[in-house]
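Worksheet: the structure to be examined is printed underneath.
What follows is calculated from the coordinates using simple rules that are stated; it is not laboratory data. Note that the structure is a prediction, hence the values are computed from the model and not measured. When we count neighbours, we look across all protein chains shown, and the Cβ atoms used for this are built from the backbone with ideal geometry, even at glycine.
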Amino acid sequence: MNRKDESWLFEISSKRKLIDLNFKEIWRYRDLLVLFVKRDIVTVYKQTVLGPLWFFIQPLFTSVIFTLIFNKVAGIDTGAIPALLFNLSGITAWNYFKVCLNGTASTFKTNKGIFGKVYFPRFIVPLSKVISNLVKLGIQLLIVAGFYVYYYYTLPDMVVPDWHLLLVPVYIIIMAIYGLGLGMIISTMTTKYRDVSILLGFAMQLLMYLSAVPYPIKALKTKVPEFAWVVDYNPLAHIIEGFRFALFETDDLQFNWVIFGGIVGLGAVLFLIGLVLFNRTEKTFIDTV
């Protein structure tokens, strides 16, 4: 048979579109995606004494410490929301964004051995991080739900759920998009500049305090209005604030649909930029990592 007449089932080429997200190919490799997700979940606390209990312990203990330091000692008022529930919800949301960003940001560095030996859609790796962390988020949301129900029955005037609860999964998707988009952007930088990995760990600590995790934005504007603009221009602060608003719907939290639309639009832009850079870097990163 003439080679020209041969029909190929699949063709692997370095030539790709500027924005290329081949869902059909990702679906074809869905078994590999599931394998990566299982690996990320199982290996995190493998050979630890408490194992998956760390999913519960970390946010709960952090929330207790935040309540003692920021609310009891520093006197930050959380309004109608119980301080422990306020901190627990913010830390849970922030942790999901943080682990998505950190996991995605090291994609090329931690997977260079696999990428250099076998072909598969590289986007599966950062996508698996987002999905596996979604499982961990679901476990931690059980703690939030437990305290939410407790305060609903003990303090019914303070915790009043309404239709805004439907926005909770929307904000989770937004956090995933921000973590994935920013993570892919940073992952392209770490292939050439190792300092970025070190800087990321330091920056995440500072960014948490600039993202309204331990305080409401309105409280910051009341106490230190001259510095409030720094947080007010931070989209992550409005994501955390919006996530809390979806849970509690109180005037103590800042929310409006214009800001919500801006956050969604910015997230889409970050994701597209990250995807373009990620697709470009995957062709040549093996020479620099």
What helices does the chain hold that run 20 Å or longer along their axis, going by alpha-carbon atoms, with a Kyte-Doolittle average of -0.5 or more, using DSSP H for the helix calls? 30-44, 83-105, 124-154, 168-190, 195-209, 257-284
How do Glu25, Glu226 rank when sorted from fewest to most other Cβ atoms within 10 Å of their own Cβ? Glu226, Glu25
Mean Cβ neighbour count within 10 Å, used as a protection proxy, ranking 104-110, 264-270, 68-74 highest first: 104-110, 264-270, 68-74
Grab the DSSP H runs of the chain that are 4 residues or longer, score each as -39,500 (n - 2.57), total them, divide by all residues and round the 222 nm result to the nearest 500 deg cm²/dmol. -21000 deg cm²/dmol
May I ask you to order 141-149, 274-282 by the average number of other C-beta atoms within 10 Å around their residues, highest value first? 274-282, 141-149
